[in-house]
């Protein structure tokens, strides 16, 4: 199964404009490759009318979350928090204006019940914009009430 936009929105904590991914191009146990439309006016992460390269980390985090949902066979999001970025390289300062659609690739470096780590690359067309690695820490899904 290669989820499309509607499935991706159900599998991620972000919806509407903040769901940045459009489709899943391919995935297996070790990696995922997704596509996203070229950034347009009104993009929720735009600054000064342009999309900064650091936004690539959000694209990558969403790809990692989608990959985790696919690996776990779930159709609802698992609460998590982007906890760390490492070795991030900005190949450009901004995503190209009027550029091509984006490709987001994330590869598992490690995965446990409490966290996961992925390497990633986000490209506009064939041109890399942002790459590095990220760590997501999973949040408790239920909290116990005092006295119970």
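Mind pulling the angle between the C-alpha long axis of helix 55-72 and the longest principal axis of the chain? Nearest 10 degrees, somewhere in 0 to 90. Result, in degrees: 40.
Computing FRET efficiency as 1/(1 + (r/R0)^6) for residue 101 and residue 75, where r is the C-beta to C-beta distance and R0 is 25 Å, gives about 0.50.
With the simple spin-label model, which puts each label point 7 Å out from Cα in the Cβ direction, the residue 137 to residue 25 separation comes to 3.3 nm.
Select from 93, 103, 24 the residue whose mean-square fluctuation is largest in a Gaussian network model of the chain (Cα-Cα springs shorter than 10 Å). It is 93. Taking the chain as a Gaussian network of alpha-carbon nodes connected by springs under 10 Å, the highest mean-square fluctuation of the residues 131, 112, 75 belongs to 112. In the stretch 5-138, the convex hull through the Cα atoms has an average projected area of 7.2 nm², a quarter of its surface area. With 0.36 nm allotted per residue and the present C-alpha distance subtracted, the residue 92-residue 10 stretch has 26.4 nm of extension available.
No value in this document is a laboratory result; all are computed from the given coordinates. Since the model is a prediction, treat every value here as computed from it, not as a measurement. No Cβ is skipped: glycine too gets one built from the backbone with ideal geometry, and neighbour counts run over all protein chains shown.
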